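A short reminder: the numbers here are calculations on the coordinates, not readings from a lab. Every value quoted in this text rests on a predicted model; they were computed, and no experiment measured them. So basically every Cβ, Gly included, is an ideal-geometry build from the backbone, and we count neighbours across all protein chains shown.
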Amino acid sequence: MLKVKVDKQSALIVVDVQNDFCSGGALPVPEGDRIVPLINHYIDIFRSAEAPIFFTRDWHPRDHISFKGYGGVWPPHCVQNTWGAGFHPDLKLGKGDVVVSKGYDRLKEAYSGFEGTDLDERLRKLGVKRLLVGGLATDYCVKNTVLDGLKRGYEVFLLEDAVRGVDVNVGDSARAIEEMVKAGAVKITLRGLVRKKSLCKTTRLS
Ligand code: VGL
Ligand code: ZN
């Protein structure tokens, strides 16, 4: 199994784990809530490694162009300062974590966490080389964030057990994963993470 080291050059990017994408929300992703405990587990690992954690959020004005009635295809969702735009209540945000808002411009869709944000700049300042990306939705914001990360030269890992897709068409998420892998992303799961501590131990023993 492929192993990935979590250290300060690795960043966890949690994409859009917001109420509107979970059950009871305006644009629920099937099984969206199911990833929350897993994301929290990844968060714990990054915290103990003192590695940076970023949370992206969809942050639309109420008349955003992606909304039905305003030229788009989606029901209104993640409207700024509403319950639906809030993070899932069980998600373990902490002090020092960075929230990255996107899709805030009425006239622009922004599926990627890099689009119209300072995410790239912040990652570079921290010396981050490796991104581990999970969240919602596999076939939209996760996919575009992963592809943009690769284009910007990061090593990108897709947290396969901590993503779910909308699947407007059957198979969209599976195809999105194929596309990410073709572009250079590597799929991993929780079991594939190596904590800094266990690495040190291995080094000392050998
Ligand atoms: C998303 C559809 C519309 C996402 C955002 O976060 O994947 N999907 N807006
Ligand atoms: Zn949106």
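Descriptive notes on the structure:
- Among 15-24, 153-162, 170-179, the peptide with the highest mean count of other Cβ atoms within 10 Å heads the list, and the full ranking is 15-24, 153-162, 170-179.
- Across Lys8/Lys187; Lys8/Lys92; Lys8/Lys143; Lys68/Lys151; Lys8/Lys108, pairs whose alpha-carbon gap is larger than 29 Å: Lys68/Lys151; Lys8/Lys108
- Most mobile listed residue (Lys95, Lys143, Lys68) in the chain, GNM with C-alpha springs under 10 Å: Lys95
- Note that the stretch 54-67 has calculated 3J(HN,Hα) couplings of 10, 10, 8, 9, 6, 9, 8, x, 5, 10, 5, 5, 7, 8 Hz, one per residue in order, obtained from phi through the Karplus relation 6.51 cos²θ - 1.76 cosθ + 1.60 (θ = phi - 60°); glycine and proline are x.
- Burial ranking of peptide ranges 2-14, 48-60 (average Cβ count within 10 Å, highest at the top): 48-60, 2-14
- Counting only aspartates and glutamates at least 8 places from Lys102 when in the same chain, those with an alpha carbon closer than 12 Å to its own are Asp16, Asp58, Glu115, Asp118.
- Sequence-distant residues sharing a close amide H with Val163 (under 5 Å, placed H): Gly135
- Net charge in the neighbourhood of Asp63 (other residues with Cβ under 14 Å of its Cβ; Lys, Arg +1, Asp, Glu -1) is +2.
- Here the chain is assigned +1 on the Cβ of each Lys and Arg and -1 on the Cβ of each Asp and Glu. Its dipole about the Cα centre then comes out at about 1120 debye.
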